[in-house]
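What follows is a short report on a single structure.
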Amino acid sequence: LPACDPLLQDCPEGELCTWFPDPSAFACANTSEDIPLGEPCGYINDCAAGLWCAPTDMLPVCNGGSCCASYCDTSDPSCAVAGTECVPWYPEGMAPPGYESVGLCQLPG
């Protein structure tokens with residue numbers, strides 16, 4: 001799978017940059033549903049570009065097992081959903097080069 005930047009969404013047309021648990025990397029995937037922010041989702045490629053299908057316990061409101069949450073830039077944090085903040089994707093010091101400022105708008109902590 002081609003590597004990508006979730007903040008830039010630098011994948012070819014019809015694809016989105018999303019997190020894959022195996023091989024634990026951001027990669028391009030075919031867009032399946034284009035589900036908007038805050039709406040329920042079921043798969044990693046269900047959400048619109050710039051969003052990730054996050055477990056409900058990471059979000060203040062979610063009417064499903066998972067909902068679309070937005071990636072964010074920790075160096076310029078801003079989140080559209082009330083009650084969320086830009087939390088770094090990787091633990092401090094563990095981000096691969098180029099991914100140090102990737103975050104997800106989620107519940108604090």
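Computed from the coordinates by the stated procedures, all read-outs in this text should not be read as laboratory data. Because the structure is predicted, anything quoted here is derived from the model rather than measured. Neighbour counts run over all protein chains shown; Cβ positions are idealised from the backbone, glycine included.
Worth pointing out:
- Mean Cβ neighbour count within 10 Å, used as a protection proxy, ranking 88-96, 38-46, 5-13, 62-70 highest first: 62-70, 38-46, 5-13, 88-96
- Sequence of D34, D57 once ranked by neighbouring C-beta atoms within 10 Å, starting from the fewest: D57, D34
- Charge sum, other residues only, whose C-beta stays under 9 Å from C4's C-beta, Lys/Arg counted +1 and Asp/Glu -1: -3
- Think of the chain as a dipole: +1 on every Lys or Arg Cβ, -1 on every Asp or Glu Cβ, centred on the Cα centre; then among L107, P97, N45, L107 lies furthest on the positive end.
- Based on Cα contacts under 8 Å between residues 6+ apart, the chain shows a relative contact order of 20 percent.
- Size of charge dipole - the range 26-97 - debye, nearest 20, with Cβ of Lys, Arg +1 and Asp, Glu -1, no other charges: 80
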